[in-house]
Amino acid sequence: MANLENKVVIVTGGARGIGQAFCEKLAKDGAAILCADVLDGAETVDLVTKAGGRGLYVKTDITDVASTKNMAAEAVKAYGRIDGLVNNAAVYAGLKMCPFTDINEAEWDKVYNVNVKGNWQCCKAVFPYMKEAGGGSIINISSTSILQGVPLLFHYVGSKGAVWAMTRTLANEAGVYNIRVNSITPGYTLTDASMQLSDNPEDFNKNYERNINDRALKRGMMPADLVGAAAFLLSDESSFITGQNLNVDGGSVHY
Ligand SMILES: NC(=O)c1ccc[n+]([C@@H]2O[C@H](COP(=O)([O-])OP(=O)(O)OC[C@H]3O[C@@H](n4cnc5c(N)ncnc54)[C@H](O)[C@@H]3O)[C@@H](O)[C@H]2O)c1
């Protein structure tokens, strides 16, 4: 268990799936949570409260500058500071695996607008507060798919590669203010979103089995498998770690 007492953490995309698991775990470890999502975060706030923590939901569209500024301002209004940001929101649910030649141009733009530009907007929104407070920790959620070169999700995998590269460049810019920036690359994790990547249940089963076979640890991966890594990177235990990627995938990719 990481010690996150007195820390304030914003989790984008916290209304469901992996983001919701982050909110619950970080609250258990003592952090006050702001769940930012376009979807309703009431269920997440309830889980945070049941975990003994403090939680707040602020409806946020990370592609909208005013909305991300409001997200950061609401965190400071409620809790007085911002220590951590988990950039977890992304266009993932609803994507269907298909050849790169068949990707719809509007979907391409949406993926990059949310997954890449949205990440930038959220970093910009918290930056003045972290700078003034003398530091902070940002975690960008990328994906093991960038290391595997997973086929048939060309736009998504490219966007997560950008998130990885942005982590390194921002770590170098923000380090002077004691703001740390790291990424996590999750392996294929069972969530509503990942289970819907194909309409064909046979594709899902094949994908699921292949992922297990490729791993050193032979089992399916759950959101709970990711939360410890995030808690560590937000805690003072990782205070000299920045610009790094922590690959959490049960050992499918060793790099
Ligand atoms: N599930 C996996 O196998 C897997 C693997 C690697 C990486 N990831 C990454 O982990 C993260 C969470 O994945 P998940 O499986 O829980 O998917 P998900 O689609 O359920 O979660 C994404 C969340 O982001 C929110 N969101 C989308 N657009 C937004 C916007 N414009 N503003 C604010 N919020 C927005 C959604 O409402 C949702 O709550 C994503 O970044 C995903 O790319 C997932």
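Values quoted throughout were computed directly from the atomic coordinates according to the rules given, and no laboratory measurement underlies them. Computed from a predicted model, the values in this text were never measured in an experiment. Here the Cβ positions follow ideal geometry from the backbone for every residue, glycine too, while neighbour counts run over all protein chains shown.
Of all residues in the stretch 158-190, which are aliphatic (A, V, I, L, M) and near the ligand (Cβ under 10 Å from one of its atoms)?
So the first thing to find is which residues in the stretch 158-190 are aliphatic (A, V, I, L, M), and the list is 162-163, 165-166, 170-171, 174, 176, 179, 181, 184, 190.
V163, I184, L190, listed by residue number.
Which one of these is surrounded by fewer than 21 Cβ atoms within 10 Å (Cβ to Cβ), near the ligand (Cβ under 9 Å from one of its atoms) and under 25 Å from T191 (Cβ atoms): S143, S67?
S67
When only residues in the stretch 1-43 that are more than 16 Å from the ligand (Cβ to nearest atom) and assigned to a helix (DSSP H, G or I) count, which is surrounded by the fewest Cβ atoms within 10 Å (Cβ to Cβ)? Talk me through it step by step, then tell me what you get.
Quick first cut of the stretch 1-43, residues more than 16 Å from the ligand (Cβ to nearest atom) only: 1-8, 27-32.
From what is left, the residues that are assigned to a helix (DSSP H, G or I) are 27-28.
On the way: A27: 26, K28: 19.
Looking at residues that are more than 16 Å from the ligand (Cβ to nearest atom) and assigned to a helix (DSSP H, G or I), I get K28.
State whether the residues of the stretch 101-116 include one that is crowded, with 20+ Cβ neighbours inside 10 Å, within 11 Å of the ligand (Cβ to nearest atom), over 25 Å from D199 (Cα atoms) and in contact (Cβ under 8 Å) with a residue 40 or more places away in the chain.
no
Please tell me if L95 is over 26 Å from L4 (Cβ atoms), within 14 Å of the ligand (Cβ to nearest atom) and of a type in the set (A, V, I, L, M, F, W, C).
Numbers: over 26 Å from L4 (Cβ atoms): yes; within 14 Å of the ligand (Cβ to nearest atom): yes; of a type in the set (A, V, I, L, M, F, W, C): yes.
It is true that L95 is over 26 Å from L4 (Cβ atoms), within 14 Å of the ligand (Cβ to nearest atom) and of a type in the set (A, V, I, L, M, F, W, C).
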